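Asker: Would you mind keeping the following structure in view while I ask a few things?
The values are calculated or read from the model by the stated rules, or taken from the named source; none is laboratory data. The model shown is predicted, which means the values in this text are computed figures rather than measured ones. Quick reminder, even Gly has a Cβ in these numbers, built from the backbone with ideal geometry, and neighbours come from all protein chains shown.
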Amino acid sequence: MDKICPVLTVIAVLILLYILWCFIEPFFLDLDRAVMRKISTDKIGGDGITVKKLPFSGSPASGTPDLRFFFFSDIHAEWCPVTAKRLCDSIRKVHSKSPLDAVIFGGDIVTYQQNAKTGYRYLSRISECCRELSIPFYGITGNHDCNLGNAAEPSGFISLDNKTVSFRSHKSSAGIILAGLPDSGKYNRVWPERLPCSNTEPVVLITHDPDTIIHLAPDSRPDFMLSGHLHGGQMKFPFRIEFTILRKTDKLPQMGAVQGLYDISGTSVFISRGLGCGLLPFRFLSVPEATVVEINL
Ligand SMILES: [Fe+2]
């Protein structure tokens, strides 16, 4: 008994420290840089999905990228300790160093529909900041947003759901299409099979759930894709049980793609850890993330 008590005390302290850290981690913000390069011009042919992890470059790319975006996802505004003001400060800081072509929100405004106003308030602050800086602000629907109706208007972003917008490369003046696909939600899911545009020009697709790439027809896969949804696992457990047991429906994590940069069947894919917390107000080894995305053709 004398030996068991200290062991139990140590275990109890460790559990308390774990819970404390899970509560503290959502207050951090990792403002990082994803340097994306076009991988392949031959994505057609072969339905099989291949996943290859790419090095995540936090260092500046040499020279000017073709396009430069600020990407954030999954605010889940009920519990998002990274405030809109803090995010605006990051956007200002990044834009003052090198101009941004757009600020892009990757979906999931709130976890529960009844809290939508909290999320709209958060995003409308980002929208004001973008307006001040004359940067266009785009967004798409996440799986938690699909019943919100027109969320873009009160949030102040331009919806890219099934829409496209054209950009010109800063390096070559080549045309680049930014396209968006909405999420149909958790139940009665419908996966899109085609992009909302042709891919004769380079396409950067914004879609909340990275599993979209699995369902797109091989000849409709984009060159680049930006996603969120997975929260980097949000709370990492031994043996990856957050995906192997708790979120079994997400296919890409079963194939090793959870966060960061990947070559998925010839498409350059970035999966963000997102900013807020879904369901539980905790994160563990999955710091909130906002990202400067540099597109290089
Ligand atoms: Fe989410």
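Asker: Would you confirm, using the coordinates I've provided, whether Leu205 is within 16 Å of the chain's Cα centre (by Cα) and either buried (at least 22 other Cβ atoms within 10 Å of the Cβ) or at pLDDT below 90 (or both)?
Answerer: Working: within 16 Å of the chain's Cα centre (by Cα): yes; either buried (at least 22 other Cβ atoms within 10 Å of the Cβ) or at pLDDT below 90 (or both): yes.
When the stated conditions are applied, Leu205 passes them.
Asker: One residue is enough: does the range 165-183 have a residue meeting the conditions basic (Lys, Arg), exposed (fewer than 14 other Cβ atoms within 10 Å of the Cβ) and closer than 24 Å to Ile91 by Cβ? Steps first, please.
Answerer: Of the residues in the range 165-183, the ones basic (Lys, Arg) are 168, 171.
In the following step, the residues that additionally are exposed (fewer than 14 other Cβ atoms within 10 Å of the Cβ) were identified as 168, 171.
Now narrow it down to the ones that are closer than 24 Å to Ile91 by Cβ: 168, 171.
Taking every residue of the range 165-183 in turn, at least one turns out to be basic (Lys, Arg), exposed (fewer than 14 other Cβ atoms within 10 Å of the Cβ) and closer than 24 Å to Ile91 by Cβ.
Asker: When the range 241-297 is examined, which residues are found to be more than 15 Å from the ligand (Cβ to nearest atom), buried (at least 18 other Cβ atoms within 10 Å of the Cβ) and among the hydrophobic types (A, V, I, L, M, F, W, C)? Can you show your working first?
Answerer: Taking the range 241-297 first, the residues more than 15 Å from the ligand (Cβ to nearest atom) are 241, 244-245, 248, 251, 254-257, 260-270, 284-285, 287, 291-297.
Okay, now just the ones that are also buried (at least 18 other Cβ atoms within 10 Å of the Cβ), so 257, 260-262, 264-270, 284, 291-296.
Ala257, Leu261, Ile264, Val269, Phe270, Phe284, Val292, Val293, Ile295 - these are the residues of the range 241-297 that are more than 15 Å from the ligand (Cβ to nearest atom), buried (at least 18 other Cβ atoms within 10 Å of the Cβ) and among the hydrophobic types (A, V, I, L, M, F, W, C).
Asker: Could you list, in sequence order, all residues of the range 223-263 that are closer than 22 Å to Phe105 by Cβ and β-branched (Val, Ile, Thr)?
Answerer: Val258
Asker: Okay, moving on. Please enumerate the residues belonging to the range 100-123 that are more than 12 Å from the ligand (Cβ to nearest atom), in a loop (DSSP other than H, G, I, E, B) and in contact with a helix residue (DSSP H, G or I) (Cβ under 6 Å, 6 or more places away or on another chain).
Answerer: none
Asker: Starting from the range 109-120, keep only residues that are farther than 9 Å from His144 by Cβ, then list their pairs with residues that are part of a helix (DSSP H, G or I) and of a type in the set (S, T, N, Q) whose Cβ atoms are within a distance under 9 Å, requiring at least 6 positions of separation or different chains.
Answerer: That search, which allows pairs on different chains as well, returns Gly119/Ser155; Tyr120/Ser155.
Asker: Restricting to the range 83-93, name every residue that is closer than 13 Å to Glu289 by Cβ and buried (at least 22 other Cβ atoms within 10 Å of the Cβ).
Answerer: Answer for the range 83-93, where residues must be closer than 13 Å to Glu289 by Cβ and buried (at least 22 other Cβ atoms within 10 Å of the Cβ): just Leu87.
Asker: Which count do you get for residues in the range 63-99 that are under 24 Å from Ala174 (Cβ atoms) and either free of Cβ contacts under 8 Å to residues at least 60 places away in the same chain or within 16 Å of the ligand (Cβ to nearest atom) (or both)?
Answerer: 4
Asker: Scan the range 211-218 and give yes if some residue there is under 12 Å from the mean Cα position of the chain (by Cα) and within 16 Å of the ligand (Cβ to nearest atom), otherwise no.
Answerer: no
Asker: From Glu153, Glu128, grab the single residue that is away from the ligand (no atom under 16 Å from the Cβ) and farther than 25 Å from Gly278 by Cα.
Answerer: Values: Glu153 fails: farther than 25 Å from Gly278 by Cα.
That would be Glu128, the only listed residue that is away from the ligand (no atom under 16 Å from the Cβ) and farther than 25 Å from Gly278 by Cα.
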